[in-house]
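Scroll down for the structure; my scribbles are underneath it.
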Amino acid sequence: MLAAFVILLAFTAPSVSAFEISGTYTEEGQKWLNEHWGEKITLGELAKIAYTEENYEKIKENVDPKLLEEVWSQTYFWGEHYPPKEEVVPGPKIFNENSKLVEDPDGSILADIISGNIRTLRSGIIVDADPVSYSGGRIRHSGSGYVYGADPVGSLMVESKLHGDGNWLSTSYNAAYGYDNSPYYTVSASGSRSPVSGTLYQSQTVAQSADPTGSGSTWSPSYYYS
């Protein structure tokens, strides 16, 4: 189901008509966020703390001020602090318009969303975390988010957060602003890091949208680097 979902999106996703930017949190920003995890901050404060000055200024220059004010005034959604201890079931997670997890054991709701026949859900977010892997001497992590039941979308920010032995190590992000969402457009984020022997790595994908407002997160299966 997931493979079909990704393939379908690849062929049907239109070009983003507005602005999209990606990057990684600065080391200073990542350190601050670890020390202040869970505190109430806005997306605008997050941008000042964690983004490079260059990316921060690019967003201000390229995004409509009214839209940016709406987006950056929202409270930042942290996701969960620590990876789950139980085994993670791979695959996308569906969250409804109230940012509540939607149970979909047989995949029928996901299939309806993909086909455009949303019967019971008006809008929400689908979040997916790819398995952590090792290649080219780097630990690699990635994930994606998709807003369904809404067109256009004011903004969608997707973060791929890499954890090692339960510690939040780094974050890569991608954000799209004021884009057409018909029929599908996914936002993906990916990053890499030099490995440390004897470390259990796991990533978390966090997605947060504005207009419509929504959020959700999910974890990848873990990867042990020996």
Return the pairs, sorted by first residue and then second, in which the second residue is assigned to a strand (DSSP E or B) and of a type in the set (S, T, N, Q), the first residue lies in the range 108-126 and is closer than 23 Å to Gly143 by Cβ and open to solvent by 50 Å² or more (accessible area, probe 1.4 Å), the beta carbons are less than 7 Å apart, and the residues are 6+ apart or on different chains.
none
Can you report the number of residues in the range 216-226 which are polar (S, T, N, Q), part of a strand (DSSP E or B) and surrounded by fewer than 23 Cβ atoms within 10 Å (Cβ to Cβ)?
0
How many of the residues making up the range 109-151 are closer than 14 Å to Val206 by Cβ and among the small types (Gly, Ala, Ser)?
5
By residue number, the members of the range 204-226 that are in contact with a Leu (Cβ under 9 Å, 6 or more places away or on another chain) and closer than 10 Å to Glu159 by Cβ are Gln204, Ala207, Gln208
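I need the full set of residues from the range 183-215 which are open to solvent by less than 30 Å² (accessible area, probe 1.4 Å), of a type outside the set (S, T, N, Q) and more than 10 Å from the chain's Cα centre (by Cα), in order please. Spell out the reasoning first.
Going through the range 183-215, the residues open to solvent by less than 30 Å² (accessible area, probe 1.4 Å) turn out to be 184, 187, 189, 191, 199, 201-210, 214-215.
From what is left, the residues that are of a type outside the set (S, T, N, Q) are 184, 187, 189, 191, 201, 206-207, 210, 214.
Within the range 183-215, Tyr184, Gly191, Tyr201, Ala210, Gly214 meet the criteria.
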Asp104 versus (1) in contact with a Ser or Thr (Cβ under 9 Å, 6 or more places away or on another chain); (2) open to solvent by less than 40 Å² (accessible area, probe 1.4 Å): which is the lone unmet condition?
(1)
Please list, ordered by residue number, the helices (runs of 4 or more DSSP H) wholly in the range 9-100 having 3 or more residues that are exposed (fewer than 11 other Cβ atoms within 10 Å of the Cβ).
27-35, 53-62
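Restricting to the range 160-170, give me the number of residues that are of a type in the set (Ser, Thr, Tyr) and either over 16 Å from Gly143 (Cα atoms) or surrounded by fewer than 23 Cβ atoms within 10 Å (Cβ to Cβ) (or both).
Of all residues in the range 160-170, those of a type in the set (Ser, Thr, Tyr) come to 160, 170.
Within this subset, residues satisfying the condition of being either over 16 Å from Gly143 (Cα atoms) or surrounded by fewer than 23 Cβ atoms within 10 Å (Cβ to Cβ) (or both) are 170.
The total comes to 1.
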Mind counting the residues in the range 152-185 that are modelled with pLDDT under 95 and polar (S, T, N, Q)?
2
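Look through the range 101-118, keep the residues that are part of a helix (DSSP H, G or I) and polar (S, T, N, Q), and return whichever of them is modelled with the highest pLDDT. Write out each step before concluding.
Keep residues of the range 101-118 that are part of a helix (DSSP H, G or I), which gives 108-115.
Next, from what is left, pick out any that are polar (S, T, N, Q): 108, 115.
Values: Ser108: 91, Ser115: 84.
Within the range 101-118, the match that is modelled with the highest pLDDT is Ser108.
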Looking only at the range 129-159, filter to residues that are of a type in the set (Asp, Glu) and open to solvent by 10 Å² or more (accessible area, probe 1.4 Å); which one of those is nearest to Thr24 (Cα to Cα)?
Asp130
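The values are calculated or read from the model by the stated rules, or taken from the named source; none is laboratory data. Computed from a prediction, not measured in an experiment: that's the story for all the values here. For neighbour counting, all protein chains shown are included, and Cβ atoms are generated from backbone atoms with ideal geometry for every residue, glycine included. We work out accessible area using only protein heavy atoms, side chains counted, and drop any ligands, DNA or RNA first. Shrake-Rupley method; radii C 1.70, N 1.55, O 1.52, S 1.80 Å.
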